[in-house]
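Input: a single structure, listed below in structure tokens.
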Amino acid sequence: MKEYKLIFTGRMGAGKTTAIAAISEIPPVQTDVTNNDRPAHAKATTTVALDYGEVTLPHGDKLRLYGTPGQSRFDFMWKILSEGALGVIVLIDNSAPDPLADMREYLDAFRDIVSSSRAIVGVGRCDTHPVPGIDSFCEAAKEMALSVPVMSVDVRRREDVLLMLEVLFHQIEAAEADEALS
Amino acid sequence: MNTIADKDYAAEAAVCQRHVDSLVATHTGIRGAVIATTDGFEIAAHVDSSVSVAKLAAMVSSLSALSEAVSRESKIGSSRDLMIDAESGRLLLVDASTGARKRVLAVLCDNRETLGQALWAVRSCREAILRELEGH
Ligand SMILES: Nc1nc2c(ncn2[C@@H]2O[C@H](COP(=O)(O)OP(=O)(O)OP(=O)(O)O)[C@@H](O)[C@H]2O)c(=O)[nH]1
Ligand SMILES: [Mg+2]
């Protein structure tokens with residue numbers, strides 16, 4: 001049995017806490033507190049340290065899921081949480097002012113994991129905010145010389161989040177096969 | 001910018017600043033203090049320029065939330081104080097909330113201050129702040 005550590009990151013309100021709560025088999029550990037920065041997001045609470053949840057895969061391997069705070073004033077937590085992580089899930093809120101810039105920021109912050117092809121981008125609220133489209137995200141990632149799958153996701157739906165993890169795992173397996181060859 | 005701006009904030013910040021200044025002024029072993037919102041914004045601070053207040057405020061809020069989560073997980077109730085005992089000093093974190101307004105007071109001491117003295121000073125400072133802010 002193996003254990004893998006995965007990171008959920010993305011801007012404030014992208015849905016990191018929601019995504020982990022949607023799939024965790026244990027009551028997730030949350031560190032949400034009152035949000036005083038209402039101009040940045042109207043949400044009542046925000047994560048200031050981490051989220052933690054667990055998922056067991058069908059063959060018995062265990063996923064340890066860590067959510068980061070979204071705001072860059074907590075970037076020290078991004079570094080701490082990335083230690084030993086196998087992969088990273090970058091969540092995007094497509095209703096935010098500049099979702100493509102958000103993607104660039106978080107792909108860049110987690111570049112060490114992302115550049116070894118262990119990342120996926122999940123774009124949320126595409127139903128109400130279809131622009132920019134998935135293609136634009138792929139294009140923007142390509143411009144950063146990164147190969148990252150991008151898919152639309154509703155973080156509130158368990159099946160959506162699990163599907164995203166499955167795609168990430170295929171991506172990681174492919175990356176490992178490539179590394180073994182070279 | 002790691003600050004928040006609303007009407008009540010200026011009055012609250014002024015009260016906090018006065019208490020933090022006096023705490024540092026009256027204790028030679030207390031090097032500095034920061035009062036932050038629980039989501040990591042500075043309200044008041046008195047630290048020397050080698051310390052980044054913005055960063056300390058964010059870190060203090062993470063620590064205090066983690067301490068709360070660990071206490072909850074261990075079934076020991078709500079967390080109160082947190083102490084980091086380091087090589088050449090200590091960092092004490094205490095809750096300084098009034099009603100819905102959640103704050104953390106963080107105090108940096110060096111080894112001239114014993115733990116007992118530091119705790120006493122920090123708690124007195126907290127009580128003084130709460131008395132004044134609750135009176136508002
Ligand atoms: N209406 C709608 N709401 C959504 C959708 N996706 C996510 N949400 C909501 O958006 C909010 C996301 O909040 P969180 O999960 O706290 O976001 P977070 O990324 O953890 O935020 P921080 O911890 O503050 O950085 C939740 O209230 C979700 O229910 C969507 O597609 N439609
Ligand atoms: Mg969160």
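Which of the residues that make up segment A:147-182 are within 16 Å of ligand 1 (Cβ to nearest atom), over 19 Å from A:M103 (Cβ atoms) and touching a Ser or Thr at 6+ places or on another chain (Cβ under 8 Å)? The one that is within 16 Å of ligand 1 (Cβ to nearest atom), over 19 Å from A:M103 (Cβ atoms) and touching a Ser or Thr at 6+ places or on another chain (Cβ under 8 Å): A:R156. Among residues that are farther than 16 Å from B:V107 by Cα and in contact with an Asp or Glu (Cβ under 7 Å, 6 or more places away or on another chain), B:S61 is not included. Tallying residues that are charged (D, E, K, R) and near ligand 1 (Cβ under 8 Å from one of its atoms) within segment A:11-53 yields 5. B:R131 meets all of the listed conditions (1) under 15 Å from the mean Cα position of the chain (by Cα); (2) charged (D, E, K, R); (3) more than 22 Å from A:M77 (Cβ to Cβ) but one, namely (1). Checked against the criterion of being away from ligand 2 (no atom under 15 Å from the Cβ), not β-branched (V, I, T) and not in a strand (DSSP E or B), the candidates A:G60, A:G70 yield just one match: A:G60. For segment A:61-77, a tally of residues being under 12 Å from A:T47 (Cα atoms) and touching a strand residue (DSSP E or B) at 6+ places or on another chain (Cβ under 8 Å) returns 6. Go through segment A:1-51 and report how many residues are more than 10 Å from ligand 2 (Cβ to nearest atom), crowded, with 20+ Cβ neighbours inside 10 Å and among the aromatic types (F, W, Y). Result for segment A:1-51: 0. Counting only residues that are among the charged types (D, E, K, R) and within 14 Å of the chain's Cα centre (by Cα), segment A:49-84 holds 2 of them. Restricting attention to segment B:67-120, the residues that are away from chain A (no Cβ under 13 Å), among the small types (G, A, S) and in contact (Cβ under 8 Å) with a residue 40 or more places away in the chain total 4.
Check whether at least one residue in segment A:54-63 is within 15 Å of ligand 1 (Cβ to nearest atom) and at pLDDT 95 or above, and report yes or no. For segment A:54-63, residues within 15 Å of ligand 1 (Cβ to nearest atom) and at pLDDT 95 or above: absent.
Each row is one residue, and each column tells you yes or no for (1) among the hydroxyl-bearing types (S, T, Y); (2) at negative phi; (3) at pLDDT 95 or above.
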| residue | (1), (2), (3) |
| --- | --- |
| B:I30 | no, yes, yes |
| B:M59 | no, yes, yes |
| B:S64 | yes, yes, yes |
| B:N111 | no, yes, no |
| B:H136 | no, yes, no |
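The values are calculated or read from the model by the stated rules, or taken from the named source; none is laboratory data. Because the structure is a prediction, the values reported are computed rather than measured. Cβ coordinates were reconstructed from backbone atoms using ideal geometry, including for glycine residues, and neighbour counts include every protein chain displayed.
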